[in-house]
Amino acid sequence: MPRYGISVREILKRTVIVEAENVEDAVRKAEEAVECEEVILDVDDFDDREIVPSEYWGGGGRVPDGEDVGCYW
């Protein structure tokens, strides 16, 4: 029976309010806050889930016969 690699992607999202001169500066400040771990997303920031064929093998996610997939669930 064929095997398929299926990717589960969960998206986390949080809106933060940033004081800045312009949007570019606001984005930069938000990026710095994330890099410095001042903003850390967690399960409460869940926004969406997507379940799709894995792009790793191509061909609609079908795992080639004989492929070692022992490291996958």
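No value in this document is a laboratory result; all are computed from the given coordinates. Note that the structure is a prediction, hence the values are computed from the model and not measured. In this analysis, Cβ positions are derived from the backbone assuming ideal geometry, glycine residues included, and neighbour counts consider all displayed protein chains.
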Practice task
Can you check what the net charge comes to around residue 56, using other residues whose Cβ is under 14 Å from the Cβ of residue 56 (Lys, Arg +1; Asp, Glu -1)?
Solution key: 0
Exercise for the section: Would you please give the FRET efficiency between residue 10 and residue 38, computed as 1/(1 + (r/R0)^6) with r the Cβ-Cβ distance and R0 = 22 Å, to the nearest 0.05? Expected result: 0.50
Exercise for the section: Read phi for every residue in segment 14-20 and hand back ³J(HN,Hα) as whole Hz from Karplus 6.51 cos²θ - 1.76 cosθ + 1.60, θ = phi - 60°, with x for Gly and Pro. Expected result: 9, 9, 10, 9, 10, 7, 7
Completion exercise
Env charge @ residue 33, Cβ radius under 13 Å, K,R +1 / D,E -1, value -4
Handout entry: Degrees, to the nearest 10: 23-35 long Cα axis against longest axis of the chain
Key = 60
Handout entry: Sites matching trypsin sites (Lys or Arg not before Pro) across the chain that sit in DSSP coil, with at most 14 neighbouring C-beta atoms within 10 Å
Key = 13, 14
Handout entry: Value at 222 nm in deg cm²/dmol, rounded to 500, when DSSP H runs of n ≥ 4 in the chain each add -39,500 (n - 2.57)
Key = -5500 deg cm²/dmol
